[in-house]
1. Can you give the extra length, in nm with one decimal, that the chain gains between THR30 and TYR59 once fully stretched, where that is 0.36 nm per residue apart less the Cα-Cα distance?
2. Pairs on different chains or at least eight residues apart, Cα atoms closer than 12 Å: how many lysine pairs in the chain fit?
3. What does the net charge come to around PHE140 if you take all other residues with beta carbon closer than 10 Å to its beta carbon, with K and R at +1 and D and E at -1?
4. In region 4-78, what percent of the accessible surface is made up of carbon and sulfur (1.4 Å probe, ligands and nucleic acids excluded)?
5. Tell me the Kirkwood hydrodynamic radius of the chain in angstroms, computed as one over the mean inverse distance between distinct C-alpha pairs.
6. Accessible area per residue for region 1-96 in Å², computed with a 1.4 Å probe and the full protein assembly in place, what is it?
7. Scan the chain and report its longest stretch carrying no chymotrypsin sites (Phe, Trp or Tyr not before Pro) that are both in a DSSP loop and have at most 16 other Cβ atoms within 10 Å.
8. Only helices at least 30 Å long along their axis, Cα-based, and averaging -1.0 or more on Kyte-Doolittle count here, so list those DSSP H runs from the chain.
Amino acid sequence: MKPSFWKVLLGGVIFAVIAQIIHSIGAFATMSYYTLPDYFTVWSKLMMPTAGPPPTSFYVYSLLFNLITGLLLIAGYIWVEGSLKSHGWKKGAKFGLLLFLLAGIPGALGMFLTINLPVALVVSWAIEGLVIGVLSGMCFAKLYG
């Protein structure tokens, strides 16, 4: 399959939108963890330069980083899609599940070992990653089905 610049770019944008929406929902659902003073030192200066809500620049960086991640992931999808033994949206869902198994779970386990965060928050982030991976994978499959 020959990658189309515009489809790759569209896939990156779709990923960024899905990730921003899911992460925002997740942040609202787990806001109590972000406001606990015990964890203020854990958050980056980009996200929380002072106590209170993140500045606008944090959302700009989030969108940019999600776009870059989306571009990398759709490139990965194009690379491996022939190996996924399904068709249509199921192929994309398998890709998202594969991402979760290869990166989401190991990433969550690494956070448990290295960062002092509530277990429920790390589990929430892992679930967000699974949902984002599956939904964006399904969109990638639609673009390159």
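1. On the way: separation 29, 0.36 × 29 = 10.44 nm, distance 1.76 nm.
Result for the pair: 8.7 nm of gain on full extension.
2. Values: LYS7/LYS142; LYS85/LYS94; LYS90/LYS142; LYS91/LYS142.
Final tally of qualifying lysine pairs is 4.
3. On the way: positive: LYS7, LYS91, LYS142; negative: GLU81.
Cβ neighbours under 10 Å give a net charge of +2.
4. Ligands and nucleic acids excluded, carbon and sulfur give 77 percent.
5. Working: mean 1/r = 0.0618 Å⁻¹.
Kirkwood hydrodynamic radius for the chain: 16.2 Å.
6. On the way: 6240 Å² over 96 residues.
Averaged over the residues of region 1-96, the accessible area is 65 Å².
7. Values: sites that count: PHE40, TRP43.
Within the chain, the longest run free of exposed chymotrypsin sites (Phe, Trp or Tyr not before Pro) spans 44-145.
8. Details: long enough: 5-29 (36 Å, 1.79); 56-80 (36 Å, 1.60); 119-143 (36 Å, 1.87).
Membrane-span-like by this criterion, though nothing is claimed about a membrane: 5-29, 56-80, 119-143.
The values are calculated or read from the model by the stated rules, or taken from the named source; none is laboratory data. All values reported here derive from a predicted model rather than from experimental measurement. Note: ideal-geometry Cβ built from the backbone for every residue, glycine included; neighbour counts use all protein chains shown. Heavy atoms of the whole protein, side chains included, go into the accessibility calculation; ligands, DNA and RNA do not. Shrake-Rupley method; radii C 1.70, N 1.55, O 1.52, S 1.80 Å.
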